[in-house]
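Heads up, the thing below is written out as structure tokens.
Each reported figure results from applying straightforward, stated rules to the coordinates on display, with no laboratory input. This one's a predicted model, so the numbers in the text were calculated from it and none came from an experiment. Glycine also receives a Cβ, built like all others from the backbone with ideal geometry; neighbour counts cover every protein chain displayed.
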Amino acid sequence: MPDDKKLLKTGLIVAALIIVLRIILEQTGAPETMSFIFGVAWLYFIMPVFFALAIRAHGSESPYRKLLKDVVLFAAYTRIMVAVTYMLAWHFKWTPARFSANQGGTVGENVPPFQGLLLVPLRNLLIWIVMATIVGMIVGAITLALKGKQKQNAAGAM
């Protein structure tokens with residue numbers, strides 16, 4: 001299913017653009033609410049719908065397994081990109097609140113290199129992969145179920 005890989009790749013490109021845009025907004029002093037809008041977390045609600053629609057369109061034999069694979073891959077790749085931003089934040093001492101050690105970030109007076117470059121980004125990566133997978137599976141499963149019922153209703157009407 002080459003369309004599945006294309007969809008994942010497109011979603012990751014969008015995520016990368018959002019990450020870069022958010023960093024630019026934060027570094028130029030845009031209001032926090034503006035940079036909040038440009039977060040990849042929103043994609044964890046949107047992309048599973050697209051994954052589920054593509055899975056139903058191609059008629060996968062095990063749609064929920066395929067959905068899980070797509071959601072986990074998307075979450076892992078996007079969170080790796082975000083983890084890199086936290087490492088850069090530690091190195092360049094970026095000031096936005098999300099990078100503050102007080103809020104679970106990597107920038108602060110007593111944040112050693114091991115913590116700023118590995119420990120905190122890795123912790124955040126793992127937590128977010130789990131959370132994004134749970135959210136993605138709920139949203140995607142609902143979409144799969146609804147699209148499955150629509151197909152059954154359409155078949156029954158014939």
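Top mean-square fluctuation among Pro113, Pro63, Pro121, Gaussian network model of the chain, C-alpha springs under 10 Å?
Looking only at Pro113, Pro63, Pro121, the largest GNM fluctuation is found for Pro113.
For region 2-143, state the average projected area of the convex hull of the C-alpha atoms over all orientations, rounded to one decimal in nm².
Details: hull surface 34.2 nm².
Result: 8.5 nm².
Beyond 27 Å between alpha-carbons counts as too far, so tell me which of Lys6/Lys147; Lys69/Lys93; Lys5/Lys147 fall in that bin.
Flagged as over cut-off: Lys69/Lys93.
What are the aspartates and glutamates whose alpha-carbon lies under 15 Å from the alpha-carbon of Lys9, with same-chain residues fewer than 8 places away excluded?
Asp70
Among the GluC sites (Glu not before Pro) in region 1-77, which ones are in a DSSP loop with at most 16 other Cβ atoms within 10 Å of the Cβ? Mind listing them?
Working: sites: Glu26, Glu32, Glu61; in loops: Glu61.
Those satisfying the criteria are Glu61.
Once you have the Cα-Cα distance between Lys69 and Leu17, take 0.36 nm times their residue separation minus that, and quote the gain in nm to one decimal.
Full extension from Lys69 to Leu17 adds 16.4 nm.
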